[in-house]
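In what follows, a structure is listed as structure tokens, so that the remarks can point back to it.
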Amino acid sequence: MEVRVRYAPSPTGLQHIGGVRTALYNYFFARANQGKFILRVEDTDRTRYTDEALQDLYDTLDWLGIDYDEGPRVGGPFGPYVQSERFELYKKYAEQLVKDGKAYYCYCTEERLESLRSAQTEAKSEEQGYDRHCRNLTSEQIEANEKAGIPHVIRLKVPMEGKTTFHDVLMGDITRKNSDVSPDPVLLKSDGFPTYHLANVIDDHLMGVTHIMRAQEWIPSGPLHILLYQAFGWEPPMYCHLPMVMGKDGKKLSKRHGSTSVRDFREQGYLPEALLNYVSLVGWSFDGQREFFSKEELSQVFTLEKINKAPGVFDYKKLDWFNGHYIRLKTDEELARLLVPFMEKAGLLDQAPDKLEAALRVAPLVKERLRLLGDIGPMVSFLFKDPGEPSLESLLPKGQDAQSTYLALSKAYPVLRQGLESGEPESQIEEKLSNLALELGLKVNGVFMPIRVSITGSTVSPPLFDCIRALGYDKSFERIQRSIKVLEENK
RNA sequence: GGUCCCAUCGUCUAGUGGUUAGGACAGGAGAUUCUCAGUCUCUAAACAGGGGUUCGACUCCCCUUGGGACUACCA
């Protein structure tokens, strides 16, 4: 039998790490088994739905390179794949359930339910949830309510006795007493829209879904869904509940732990391959040794059996490490293209006639020290903006006074200049400068640091000669001369 | 409160009755070096506790503890 799985998010907010991980596992599972991966938009909550969220869903999947075989935008034999476009369908099936005596109309008002709820919590009652007030209305009562135009919902008649079991690939059999299952949950809302439970079950069945991979928070409603399949007389699919993704404090990952939306990560300069690789490893492993995987590789080797049952903590530091790794794998050209928008955002390219060329100049300097593309600004801003005349204090290496520093820089300058202009190999100039330091009784750094600060305005920078080359000789010399003057005036 | 799920270094994990309990991130130390980073080497760090089962338990069972999820006309 062909494997058919789906990712079925509801567009009520930005795509977050947990959701994406679920999408990824479904995708990999489908690919690894030559099955189909379906995207379904569960937009039945009209109050929380936003266009932005829907667009973000598409953008996120595109960015990660997660393509789907069936779904909105690409179509498929079981469409439409947006639940709001299947509106009539759910109603039909819900009514069928009523006709079969498996569900019933409920006329309870929001107010009644609310007061019921508060009464229950106040009394710390064993009974939680709906009191099944409308479960046994007579046909006369129903008729009267309908005539009076009282709106109704449709509720499932959950059996009062017995128990329901569903099988989970990871967890094994999970059984719940029917009396512990949510008492007669709403299937069809008064606005005619289905609830998650109804729409989900109908669509999964109609779309031929064979495996449901979703977050563990859905485990409690597993039995309810089985009850629904039974009410319809359908065969339930296989279940596989995925461990949750937590924050450092062991609570469900949320904004207070840091970024959670893929958009955030993207804007900070994470690479899709890094995010995809790392996220896949929270809750799944290959052999405990290997941890670099491309999307294509995961599509080969992914297996349900290696999914962990315990929830996992999302480690931002390790993600950073992955990101640095993937940045280093880029060619200069690739990195430059990725860098352009981040350099623009940092205001570095306002004067650049050729943005890509500018980024290309920068790429080799930063490749080994970049963790996030968004960190590019301070690293190379000296190439695009004059850092200004350095202060005396900033020019002095640790433990060195103005006099000796003046001497060092003023002697180093001609060596550097002559060397560069005559095309001497950099390694040779470097050696000369080191020797100069030795002659002056300074540490090597005592000569290099003032040059570095002169040129970059910072004690931290890419290798000196790389900086000079990227800046251009003329500007570099000017900045050194400027520093010599500062030192001369203060020695 | 009730129901259900889970439990190996700080974190992600390997391990399916007999291992010096392995790897990675983060941490520490060192090497390389013009700073930073990178790279390399080394290092510290775990089977939650208690009962069983067994010749033998991290591995199987039970209890305790701890953590989490759910308990909506949200998904």
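The values are calculated or read from the model by the stated rules, or taken from the named source; none is laboratory data. Since the model is a prediction, treat every value here as computed from it, not as a measurement. Positions of Cβ are backbone-derived with ideal geometry, glycine not excepted, and every protein chain shown enters the neighbour counts.
Worth pointing out:
- Only one of the listed residues (A:Val201, A:Val209) is buried (at least 20 other Cβ atoms within 10 Å of the Cβ), in contact with a helix residue (DSSP H, G or I) (Cβ under 9 Å, 6 or more places away or on another chain) and closer than 15 Å to A:Gly222 by Cα. That residue is A:Val201.
Residues are listed down the side, and each one gets a yes or a no for (1) in the same structural domain as A:Ile202 (by TED's automatic domain parsing); (2) acidic (Asp, Glu); (3) within 16 Å of RNA strand B (Cβ to nearest atom); (4) without any contact (Cβ under 8 Å) to a residue 40 or more places away in the chain:
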| position | (1), (2), (3), (4) |
| --- | --- |
| A:Ile38 | no, no, yes, no |
| A:Glu42 | no, yes, yes, no |
| A:Arg48 | no, no, yes, yes |
| A:Leu57 | no, no, yes, no |
| A:Asp62 | no, yes, no, yes |
| A:Asp67 | no, yes, no, yes |
| A:Pro72 | no, no, yes, yes |
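- Helices (runs of 4 or more DSSP H) fully within the range A:222-286 counting 2 or more residues that are within 23 Å of A:Ile174 (Cβ to Cβ) and of a type outside the set (Val, Ile, Thr): A:222-232
- Here the range A:171-187 is the region considered, the condition is being near RNA strand B (Cβ under 7 Å from one of its atoms) and surrounded by 15 or more Cβ atoms within 10 Å (Cβ to Cβ), and the residue that is farthest from A:Tyr229 (Cα to Cα) is A:Met171.
- Some residue of the range A:146-153 being in contact with a helix residue (DSSP H, G or I) (Cβ under 6 Å, 6 or more places away or on another chain) and in contact (Cβ under 8 Å) with a residue 12 or more places away in the chain: no
- Answer from A:Glu431, A:Glu393, A:Glu389, A:Glu439 - the residue that is within 14 Å of RNA strand B (Cβ to nearest atom) and of a type in the set (Asp, Glu): A:Glu431
- Taken together, the criteria exclude A:Ser285 from residues that are at pLDDT below 95 and within 7 Å of RNA strand B (Cβ to nearest atom).
- One residue alone among A:Thr121, A:Thr165 is outside any helix (DSSP H, G or I) and either modelled with pLDDT of 95 or more or not acidic (Asp, Glu) (or both), and that residue is A:Thr165.
- All positions within the range A:445-479 that are among the aliphatic types (A, V, I, L, M) and surrounded by 22 or more Cβ atoms within 10 Å (Cβ to Cβ): A:Val447, A:Met449, A:Ile451, A:Val453, A:Ile455, A:Ile468
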